[in-house]
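A.B. asks: Questions regarding the structure given below will be posed in turn.
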Amino acid sequence: MQSFNKQIFTEYMPTLETMSKGLLVMEKLGKLNVRLRDVFIDQKMPDRIFAFVESKYSSKIERIYTTLFDVVNTGIETDQQKIIKPIVDELFKTKEKITTEKLIELSNIMNNEKNQNKRFEKEFGIYETKNDVKTKIYEPPLEESVVTELFKEVIEKASNDNNILEILRTHIYFEKIHPFVDANGRLGRLLLQRSMARLVNFSNVLPLSWSFFERRSDYYKSFDIETNEDLDNGINALLDIILHMYEATKQLTKDLKKFVEKYIGVVMSTSSKVSEKMALDILLNLQTKRIYVERKYNLNPRTIDSIFTKLNNELPFNFKKVKRNSLYWNIELEEIVNNIYKD
């Protein structure tokens, strides 16, 4: 059975191969940033698409299906999201360092029905079941004072990491500490997203979890750490997973550009008051609420009616049954996204 070994993380030195791959990943992510600027007027526009993909797959990695969908802004506001979204926004948008208090606050919401004290019981750990026999395969630190100190340390690292290798080491470190009774994977990936977004100057999230989901065995194996070599191999595996995500997202930006060029004129022709930015905002939104457009762009009801009538009649939008919200679902955009990020 593995157990936590802090020394591996504090003494880690990447190999030349890993350093070279880290530089390649940074180069690719820089190119992705340029591609996004070529499609979007500002980089907040792909947020909903990337958030939709990230929320869907971050939960599926651990075979949970109701999680980060409520954490990121996917266009549907739930009661839980009203509580969580301001916290998540602060994680991504604040210039201040992230704090343990903020992560604990988010964890408490996500684990509101679970006994947090079970985190420090002797039975806590990672288990594997084979032939109906359940065996503990990893034991994180169990003493509460030690976990608290290590948690502070890893959050401090997450606030100061300034290259891709440090960020990925910190992600593995966080998961090995396993500071919460549950949702460690989802919270760890949220923390990873924040660090990655800041490193490559993205406004919000990257669809990393889809690639983690696609290569779950490699992702889980990256946490199988007993030596310094294991840690280097784990970081190497995560770099490969990010490159896999890059290739898919590069294709997505190409497809989105074609989609926008095909339909933007139709949206702008609905009214002289519809700007290019507004047309892009409508087109690149899987779920569009009439009230969202009305409030954001300060348009009168007649203009809004003409826009949505034309959207429903001429573009691949579907007026859903949720009539009280005037919710439009972009069918073709959903197909584009699903064709790239397949289960």
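The values are calculated or read from the model by the stated rules, or taken from the named source; none is laboratory data. Quick caveat: nothing in here was measured; it's all calculated off a predicted structure. Cβ atoms come from the backbone with ideal geometry, glycine included; neighbour counts cover every protein chain shown.
A.B. asks: May I ask you to say which residue of 198, 169, 215, 189 is surrounded by fewer than 19 Cβ atoms within 10 Å (Cβ to Cβ), basic (Lys, Arg) and more than 16 Å from residue 96 (Cα to Cα)?
C.D. replies: 215
A.B. asks: Name, by its number, the condition in (1) outside the structural domain of residue 55 (by TED's automatic domain parsing); (2) touching a residue at least 60 places away in the same chain (Cβ under 8 Å) that does not hold for residue 328.
C.D. replies: (2)
A.B. asks: Give the residue, chosen from 248, 237, 279, that is farther than 30 Å from residue 16 by Cβ, of a type in the set (Gly, Ala, Ser) and either in the same structural domain as residue 48 (by TED's automatic domain parsing) or assigned to a helix (DSSP H, G or I) (or both). Please lay out each step first, then the result.
C.D. replies: On the way: 248 fails: farther than 30 Å from residue 16 by Cβ; 237 fails: farther than 30 Å from residue 16 by Cβ.
Residue meeting the stated conditions: 279.
A.B. asks: Turning to a different aspect of this structure: Mind telling me which of the residues 315, 283, 256, 311 ends up being in contact with a helix residue (DSSP H, G or I) (Cβ under 8 Å, 6 or more places away or on another chain), within 28 Å of residue 56 (Cα to Cα) and in contact (Cβ under 8 Å) with a residue 60 or more places away in the chain?
C.D. replies: Working: 315 fails: in contact (Cβ under 8 Å) with a residue 60 or more places away in the chain; 283 fails: in contact (Cβ under 8 Å) with a residue 60 or more places away in the chain; 311 fails: in contact (Cβ under 8 Å) with a residue 60 or more places away in the chain.
Answer to the selection: 256.
A.B. asks: What residue, of 226, 156, 149, is at pLDDT 95 or above and either at negative phi or assigned by TED's automatic domain parsing to the domain that holds residue 60 (or both)?
C.D. replies: On the way: 226 fails: at pLDDT 95 or above; 156 fails: at pLDDT 95 or above.
The match here is 149.
A.B. asks: Please work out which residue is nearest to the chain's Cα centre (by Cα), limiting yourself to the stretch 42-54 and to residues that are at pLDDT below 75 and not acidic (Asp, Glu). If you could, list the steps in order and put the result at the bottom.
C.D. replies: At the first step, the residues of the stretch 42-54 found to be at pLDDT below 75 are 42-48.
In the following step, the residues that additionally are not acidic (Asp, Glu) were identified as 43-46, 48.
Working: 43: 15, 44: 14, 45: 15, 46: 12, 48: 11 Å.
For the stretch 42-54, the residue satisfying everything is 48.
A.B. asks: Now for a separate question. With the checklist (1) in a helix (DSSP H, G or I); (2) under 17 Å from residue 236 (Cα atoms); (3) over 14 Å from the mean Cα position of the chain (by Cα) in hand, flag the one item residue 199 doesn't pass.
C.D. replies: Of (1) in a helix (DSSP H, G or I); (2) under 17 Å from residue 236 (Cα atoms); (3) over 14 Å from the mean Cα position of the chain (by Cα), only one is false for residue 199: (2).
A.B. asks: Looking at 189, 194, which one is in the same structural domain as residue 157 (by TED's automatic domain parsing), within 18 Å of residue 178 (Cα to Cα), in contact (Cβ under 8 Å) with a residue 40 or more places away in the chain and among the basic types (Lys, Arg)? Break it down stepwise before answering.
C.D. replies: Details: 194 fails: within 18 Å of residue 178 (Cα to Cα).
189 is the lone residue from the list that is in the same structural domain as residue 157 (by TED's automatic domain parsing), within 18 Å of residue 178 (Cα to Cα), in contact (Cβ under 8 Å) with a residue 40 or more places away in the chain and among the basic types (Lys, Arg).
A.B. asks: Does residue 149 fit the bill of being without any contact (Cβ under 8 Å) to a residue 12 or more places away in the chain, charged (D, E, K, R), within 26 Å of residue 233 (Cβ to Cβ) and part of a helix (DSSP H, G or I)?
C.D. replies: Numbers: without any contact (Cβ under 8 Å) to a residue 12 or more places away in the chain: yes; charged (D, E, K, R): yes; within 26 Å of residue 233 (Cβ to Cβ): no; part of a helix (DSSP H, G or I): yes.
No, not satisfied.
A.B. asks: Another question about this same structure. From the list 255, 343, which residue is outside any helix (DSSP H, G or I) and under 30 Å from residue 218 (Cα atoms)?
C.D. replies: It is 343.
A.B. asks: While we're looking at this one, here's another question. Scan 266, 337, 274, 293 and give me the residue that is β-branched (Val, Ile, Thr) and either under 30 Å from residue 19 (Cα atoms) or surrounded by fewer than 16 Cβ atoms within 10 Å (Cβ to Cβ) (or both). First the steps, then the outcome.
C.D. replies: Numbers: 337 fails: either under 30 Å from residue 19 (Cα atoms) or surrounded by fewer than 16 Cβ atoms within 10 Å (Cβ to Cβ) (or both); 274 fails: either under 30 Å from residue 19 (Cα atoms) or surrounded by fewer than 16 Cβ atoms within 10 Å (Cβ to Cβ) (or both); 293 fails: either under 30 Å from residue 19 (Cα atoms) or surrounded by fewer than 16 Cβ atoms within 10 Å (Cβ to Cβ) (or both).
So the residue among 266, 337, 274, 293 that is β-branched (Val, Ile, Thr) and either under 30 Å from residue 19 (Cα atoms) or surrounded by fewer than 16 Cβ atoms within 10 Å (Cβ to Cβ) (or both) is 266.
A.B. asks: Now for a different question. Among the residues of the stretch 242-252 satisfying the criterion of being touching a Phe, Trp or Tyr at 6+ places or on another chain (Cβ under 9 Å) and buried (at least 20 other Cβ atoms within 10 Å of the Cβ), which is modelled with the highest pLDDT?
C.D. replies: Once the filter is applied, the top-ranked residue is 245.
A.B. asks: Pick from 199, 206: which is at pLDDT below 90, under 17 Å from residue 56 (Cα atoms) and of a type outside the set (Val, Ile, Thr)?
C.D. replies: Numbers: 199 fails: under 17 Å from residue 56 (Cα atoms).
Every option except 206 fails the conditions.
A.B. asks: Would you be able to say whether some residue in the stretch 164-177 is in the same structural domain as residue 96 (by TED's automatic domain parsing), under 17 Å from residue 223 (Cβ atoms), outside any strand (DSSP E or B) and touching a Lys or Arg at 6+ places or on another chain (Cβ under 6 Å)?
C.D. replies: Within the stretch 164-177 (the criterion being in the same structural domain as residue 96 (by TED's automatic domain parsing), under 17 Å from residue 223 (Cβ atoms), outside any strand (DSSP E or B) and touching a Lys or Arg at 6+ places or on another chain (Cβ under 6 Å)), the answer is yes, since at least one residue qualifies.
A.B. asks: If residue 319 meets every condition in (1) among the hydrophobic types (A, V, I, L, M, F, W, C); (2) at pLDDT 85 or above; (3) surrounded by fewer than 18 Cβ atoms within 10 Å (Cβ to Cβ) apart from one, which number is that one?
C.D. replies: The single condition residue 319 does not satisfy is (2).
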